[in-house]
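For reference, the structure is listed below as structure tokens.
The values are calculated or read from the model by the stated rules, or taken from the named source; none is laboratory data. These numbers were taken from a predicted model, which means no experiment stands behind them. Here the Cβ positions follow ideal geometry from the backbone for every residue, glycine too, while neighbour counts run over all protein chains shown.
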Amino acid sequence: MKKLIAAMAIMMAASPIFAQTATPASATTKQAPAAVKQAAVKTPTAAPKALPAPEKRAIAYTDELKAKLHLTDDQYKKVLDVNTECIRRKDALKASGQKGGTGFKDISTYRKQQFQTILTPDQLTQLKAMNAQKGGKNDAE
């Protein structure tokens, strides 16, 4: 029984070795035509990765804020509306080819003003700490 368990443990430990073997480049040229066609279909395209819809990104960010700042349901709805609006406006600026400048600063200022009316002083303090920890990635202070 001990030998069986030991043998199975060795087999399980050695199985990743066989799963990681790569075929040499010369072996791929000798494949059957059907296999070559299959390999050609599986190659990834260089298409740019599309961002999720603004609503989905706003929900993800607002859910993070809800968990960390303990938002009430009313606060959650208001913050979600603000985040959705800001993300849509930023996407519109990016689509127009604007990389930076006053447009993005205006959106950041708008978000800050809205959050100051929605959040409590304690929540604002926590949000500023979160943003400082992230290096200011999100401009919602």
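The rows are residues; the columns are (1) loosely packed, with under 14 Cβ neighbours inside 10 Å; (2) of a type in the set (D, E); (3) within 19 Å of M130 (Cβ to Cβ).
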residue	(1), (2), (3)
H70	yes, no, yes
D81	no, yes, no
R89	no, no, no
Q113	yes, no, yes
Test result for T117, buried (at least 16 other Cβ atoms within 10 Å of the Cβ), among the hydroxyl-bearing types (S, T, Y) and modelled with pLDDT of 90 or more: no
The lone exception for K105 - which of (1) touching a helix residue (DSSP H, G or I) at 6+ places or on another chain (Cβ under 7 Å); (2) loosely packed, with under 12 Cβ neighbours inside 10 Å it fails: (1)
Selection status of Q98, among the polar types (S, T, N, Q) and not in a helix (DSSP H, G or I): yes
Can you name every residue in region 82-141 that is touching a Leu at 6+ places or on another chain (Cβ under 7 Å) and over 22 Å from K68 (Cβ atoms)? G103, F104
